[in-house]
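One structure below.
The values are calculated or read from the model by the stated rules, or taken from the named source; none is laboratory data. Small disclaimer: the values here were computed from a predicted structure and weren't measured. Here the Cβ positions follow ideal geometry from the backbone for every residue, glycine too, while neighbour counts run over all protein chains shown. SASA here: full protein model, heavy atoms, side chains in, ligands and nucleic acids out. Shrake-Rupley method; radii C 1.70, N 1.55, O 1.52, S 1.80 Å.
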Amino acid sequence: MALKVAVQMDHISSINIAGDSAFALMLEAQARGHELYHYTPDRLAMIGDDVFCGLEPVEVRDEVGNHFTLGEKQRFNMADVDVVLMRQDPPFDLSYIAATHILEKVHPNTLVVNDPAEVRNAPEKLFVTEFADLMPPTLVTRDRGEIDLFRAEYGDIVMKPLFGHGGAAVFRITRDDLNYGSLYDFFAATFREPWVIQQFLPNVKHGDKRILLVDGEFAGAVNRVPAEGDLRSNMVRGGAARESELTEKEREICARLGPSLKEKGLILVGIDVIDGRLTEINVTAPTGIRAVAKLGGPDIAARVWDVLEAKVKG
């Protein structure tokens, strides 16, 4: 049965198809014969309980510089769409939150992936604290005194904005770092929300593993190794993808998280693990599908669509 699939994303012209998981999901949907539509979040319109949107039919191709063709925009009642993939990149700001409220009007009759209410209630750097025993020591605050106490106990720390993404504004501060005061002032002037402060894990130099779970089950993994001279392993920041198998500890982490993810309707999730310690749970637009496939790993896009088709037909 062909499904009507609408993809809410940053404009398709702007994406890097080599690493874009939304694009991987679109290629798989198209290969299965589903009707594929493209739109950006600013087109959503809510009138009472009805949600309307201008959708463009889209054809996708795995060709750099020639990866899409858009048809003429059509106004749809989103209740007439079978699946919405909510795949625009963060920041997780008020615009993002507004989109989750609007899409909540049509879910689950129209299957929104991931569940918009649960995405809203599971900010990646806060949701993870529900599993604090799996994490490195972590503080969430913007209070200087609390950060001072944490730093005095753990020495080397990492500071990052609570709603940051893609490795932006992630800093390591050593025990005797003279830039600490200036960095605190910079964060205080730049970010209104609290910040995340974690104990620095030296083994990040060996990689920050991205593990993908589909409907609560392990689906694939890639180890992201930081570029020389950089703390951050994000591939958009120059991190290199390496083939990876799960350790016993990482399997335990997946087993702990899986039931909660499944219960919340978080169908595609990416978790980050450094040296056996869980650091983030990514539920907005997790990446890694194409990197896993390029390294000879499982076809995660196919697994996602197996799950989605079963849910719609069931």
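Please give, to one decimal in nm, the separation of the simple spin-label points placed at Met46 and Lys313, each 7 Å out from Cα toward the Cβ.
3.3 nm
With no solvent and one point on each alpha carbon, what is the Debye value of log10 I(q)/I(0) for the stretch 1-149 at q = 0.13, 0.20 Å⁻¹?
Debye intensities relative to I(0), on a log10 scale: -0.66, -1.23.
When each pair of different Cα atoms in the stretch 267-314 is counted once in the 1/r mean, what is the Kirkwood radius in angstroms, to one decimal?
Taking the inverse mean of 1/r over all distinct Cα pairs, the stretch 267-314 comes out at 12.3 Å.
Let me check I've understood the local charge: for Val214, count other residues with C-beta under 9 angstrom from its C-beta, Lys and Arg +1, Asp and Glu -1. What total comes out?
Once all neighbours under 9 Å are counted, the net charge is -2.
5 Å is the cut-off here: which amide hydrogens, built 1.01 Å from N in the peptide plane, fall below it relative to Thr110, excluding neighbours closer than 5 in sequence?
none
Specify the residue with the greatest mean-square fluctuation among Ala189, Ala29, Ala219, computed from a Gaussian network of the chain linking alpha-carbon atoms under 10 Å apart.
Among Ala189, Ala29, Ala219, the largest mean-square fluctuation in the Gaussian network model of the chain belongs to Ala189.
Convert each backbone phi in the stretch 123-135 into a coupling constant with the Karplus relation 6.51 cos²θ - 1.76 cosθ + 1.60 (shift: θ = phi - 60°), then list the ³J(HN,Hα) values in order as whole Hz, x for Gly and Pro.
x, 4, 8, 9, 3, 4, 6, 5, 10, 4, 5, 8, 9
In degrees between 0 and 90, to the nearest 10, how far off the longest principal axis of the chain does helix 144-154 point, with axes built from Cα atoms?
Between the helix axis and the principal axis of the chain, the angle is about 70 degrees.
Would you mind checking Lys73/Lys105; Lys105/Lys160; Lys160/Lys311; Lys105/Lys209; Lys105/Lys249 for any pair whose Cα atoms are more than 28 angstrom apart?
With Cα atoms farther than 28 Å apart: Lys105/Lys160; Lys160/Lys311; Lys105/Lys209; Lys105/Lys249.
Length gain on complete extension for the stretch Phe131 to Lys262, per 0.36 nm per residue less the alpha carbon to alpha carbon distance?
Answer, rounded to one decimal: 45.6 nm.
Using label points projected 7 Å from each Cα along Cα→Cβ, tell me how many nm separate Glu193 and His11, to one decimal.
2.6 nm
Running a GNM on the chain with Cα contacts under 10 Å, which residue among Ala255, Ala117, Ala285 ends up with the highest mean-square fluctuation?
Most flexible of the set in this elastic network: Ala255.
Based on the Cα coordinates of the stretch 90-150, what is the per residue volume of their convex hull in Å³?
Dividing the Cα hull volume of the stretch 90-150 by its residue count gives 106 Å³.
Any idea what angle helix 21-31 forms with the longest principal axis of the chain, computed on alpha-carbon atoms, 0 to 90 degrees, nearest 10?
Approximately 20 degrees, to the nearest ten.
Sorted by accessible area with a 1.4 angstrom probe, largest first, how do Val170, Val84 fall?
Val170, Val84
Which residues' amide hydrogens lie under 5 Å from the amide hydrogen of Ala240, considering only partners 5 or more residues apart or on another chain, with H built in the peptide plane?
Val225, Ala227
Which whole-number percentage describes the relative contact order of the chain, with Cα contacts under 8 Å and a sequence gap of 6 or more?
18 percent
Could you tell me whether the chain comes out rounded, prolate or oblate from its Cα gyration tensor? Rule is a ≥ b ≥ c as square roots of the eigenvalues, rounded for a/c under 1.5, then prolate if a/b exceeds b/c, otherwise oblate.
Prolate, since a/c reaches 1.5 and a/b exceeds b/c.
Starting from the Cα of Lys73, step 7 Å along the direction of its Cβ; do the same at Ala117; then give the gap between the two resulting points in nm.
3.1 nm
Sorting check: for 272-283, 197-208, which peptide has the highest mean count of neighbouring beta carbons within 10 Å, and how do the rest follow?
My ranking of the peptides, most packed first, is 272-283, 197-208.
List, in order, the whole-Hz ³J(HN,Hα) value for each residue of the stretch 33-41 obtained from phi through the Karplus relation with A = 6.51, B = -1.76, C = 1.60 and θ = phi - 60°; use x for Gly and Pro.
Coupling constants for the stretch 33-41: x, 6, 7, 10, 10, 10, 7, 9, x Hz.
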